1. Would you check which residues across the range 60-97 are among the hydroxyl-bearing types (S, T, Y) and farther than 21 Å from L118 by Cβ and list them?
2. Hey, can you tell me all the residues within the range 82-93 that are of a type outside the set (K, R) and surrounded by fewer than 16 Cβ atoms within 10 Å (Cβ to Cβ)?
3. Can you name the residue in the range 24-67 that is surrounded by 13 or more Cβ atoms within 10 Å (Cβ to Cβ) and of a type in the set (D, E, K, R) and is also modelled with the lowest pLDDT among such residues?
4. Need a quick list: strands (runs of 3 or more DSSP E) entirely within the range 27-123 having at least 2 residues that are under 10 Å from the mean Cα position of the chain (by Cα).
Amino acid sequence: VQLQASGGGLVQAGGSLRLSCAASGRTFTWYGMGWFRQAPGKERYFVAAISRNGRYTYYADSVKGRFTISRDNAKNMVFLQMDSLKPEDTAVYYCAADFGGSGPPTPEEYDYWGQGTLVTVSS
């Protein structure tokens, strides 16, 4: 499956952004979907994940209550609504697909990755 992330940009602290990830090439409902982020010089960290049918969602503690992951299986899309953004949220955000899974928190379990979209939060 091919993944294309978009929606990043520059926003002030306290603001909002909505990231989108478009999937193509395989049956979208076979995949649990996740969002990860990587700041300069740091490892890639789990942000949020959603199960194949969208019923279950998972969040990193650092974003819980501020970010919301969702998916539209009819449109082969997954979204990450980011509210109350903080400067420490600045990173490249990646969407990823986990074949047959529920969206685990470890990047090694994902099979496909998008190219990333940069989110910069100014203080």
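1. If we filter the range 60-97 for residues that are among the hydroxyl-bearing types (S, T, Y), which is where we start, we get 62, 68, 70, 84, 90, 93-94.
Result: S70, single match.
2. D83, S84, P87, E88
3. Among them, the one singled out is R26.
4. Per the criteria, 31-38, 44-50, 67-72, 77-82, 91-99.
The values are calculated or read from the model by the stated rules, or taken from the named source; none is laboratory data. As the structure is a computational prediction, the values presented were derived from the model and not from experiment. No Cβ is skipped: glycine too gets one built from the backbone with ideal geometry, and neighbour counts run over all protein chains shown.
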